[in-house]
């Protein structure tokens with residue numbers, strides 16, 4: 001596996017990978033890799049001739065009181081994991097390479113970025129859209145792969161690619177890969193390592209309560225009391241607060257007051273021991 005830290009080296013290496021007409025798949029990450037990330041790499045290997053993974057802890061998607069400085073950075077370990085999975089190229093730019101002096105451009109995606117994490121983390125999705133747009137232009141992948149755990153992020157990226165005519169990849173070649181979970185059901189996340197042993201055990205209430213809420217919703221129970229009960233269960237289990245617990249249309253992410261027959265999603269963000277966890281699951285009409 002080759003590693004590029006500058007845009008010049010990246011572009012030269014990408015050109016060599018494509019010289020024989022080969023296809024390239026991109027797996028964007030912020031590092032601190034786990035099985036969820038590696039699943040994306042494997043999906044990319046199945047679909048493309050070469051896989052490019054990026055590792056960049058993007059400062060523009062962190063708020064002033066968030067965990068930018070504490071976010072785990074382990075480039076050597078992550079690089080070894082990617083190489084073992086058959087990744088062809090690691091793109092690992094520094095902040096000055098991604099955002100050179102004088103950088104003033106910002107991409108904002110309306111609609112799907114509003115509400116949910118967009119309301120709780122102002123400016124977050126502007127940072128996500130801007131850096132992902134840059135990654136698409138830098139790598140020019142045929143297909144890009146993102147985990148469905150960050151379901152709103154996936155919707156924002158697809159909307160951006162559609163609206164800006166990003167044909168490589170086109171919005172239809174942005175692939176969402178189902179959430180990878182621990183044996184006890186907790187969605188894999190780089191931030192799980194922040195949890196104490198006690199909070200890690202209590203965090204399993206998140207997927208368990210979500211599954212129970214979905215069962216009630218699919219049984220026809222009213223949405224509002226089901227969501228209120230879900231929030232109460234999380235607080236009782238040890239979560240300090242619930243940013244949101246929302247039943248939403250799976251395409252627009254507009255909140256739903258009842259199941260309407262279209263694809264729906266239950267999305268939750270809650271805090272435990274200072275760590276903010278997010279999760280989402282499909283809900284059948």
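Shape class for segment 1-107: oblate, because the ratio a/c of the largest to smallest gyration tensor axis (alpha-carbon atoms, square roots of eigenvalues) is 1.5 or more and b/c is at least a/b.
Restricted to Cα atoms, segment 96-160 shows a radius of gyration and a Dmax of 12.3, 34 angstrom. Only one of the listed values, (1) 1.02; (2) 1.89; (3) 0.97, was derived from the coordinates as Cα Rg over 2.2 N^0.38 Å; which label is it? After the calculation, the listed value that fits is (1). Between helix 35-47 and the chain there is an angle of about 50 degrees, using the helix long axis and the longest principal axis of the Cα atoms. With both labels modelled 7 Å from their Cα along Cα-to-Cβ, the residue 119 to residue 258 distance reads 2.2 nm. Where in segment 118-143 does the label zone of residue 164 land, with the point 7 angstrom along Cα→C-beta and an amide N cut-off under 17 Å? 123-143, by backbone N distance to the label point.
Can you give the FRET efficiency for residue 110 and residue 172, using 1/(1 + (r/R0)^6), R0 = 25 Å, r = Cβ-Cβ distance, to the nearest 0.05?
With R0 = 25 Å, the Cβ-Cβ based efficiency is 0.75.
Taken along the Cα-to-beta-carbon direction at a fixed 7 Å, the label points for residue 101 and residue 35 span 4.7 nm. Hey, how many Å between the Cα centroid of segment 249-263 and the Cα centroid of segment 107-138? The two parts, judged by their Cα centres, are 21 Å apart.
Model label points for residue 235 and residue 57, set 7 angstrom from Cα along the Cα-to-Cβ axis, are 3.4 nm apart. Taking each DSSP H run with n ≥ 4 as -39500 (n - 2.57) and averaging over every residue of the chain yields -11500 deg cm²/dmol at 222 nm.
Using Cα-only point scatterers and the Debye equation, what is log10 of I(q)/I(0) for segment 190-280 at each q in 0.17, 0.21 Å⁻¹, rounded to two decimals? Ignoring solvent entirely, the Cα scatterers give -0.68, -0.96. For the peptides 232-244, 20-32, residues were scored by their other Cβ atoms within 10 Å and the scores averaged per peptide; the highest-first order is 20-32, 232-244. Among bridges DSSP assigns within the chain, what percent are antiparallel (round to 5)? Taking every DSSP beta bridge with both residues in the chain, the antiparallel ones total about 50 percent.
In plain terms, the residue of 62, 103 with the fewest other Cβ atoms within 10 Å comes first and the most crowded comes last, giving 103, 62. Measure nothing but the geometry: give the 0 to 90° angle between the long axis through the Cα atoms of 7-18 and the longest principal axis through the Cα atoms of the chain, rounded to 10°. The angle comes out near 90 degrees. Using the average count of surrounding beta-carbon atoms within 10 Å as a protection proxy, the listed peptides 76-87, 40-51 rank, highest first, as 40-51, 76-87.
Give the calculated FRET efficiency between residue 65 and residue 201 to the nearest 0.05, with a Förster radius of 30 Å applied to their Cβ-Cβ distance. Working from the Cβ atoms, E equals 0.65.
Each reported figure results from applying straightforward, stated rules to the coordinates on display, with no laboratory input. Because the structure is a prediction, the values reported are computed rather than measured. Positions of Cβ are generated from backbone atoms using ideal geometry, with glycine treated the same way; all protein chains shown enter the neighbour counts.
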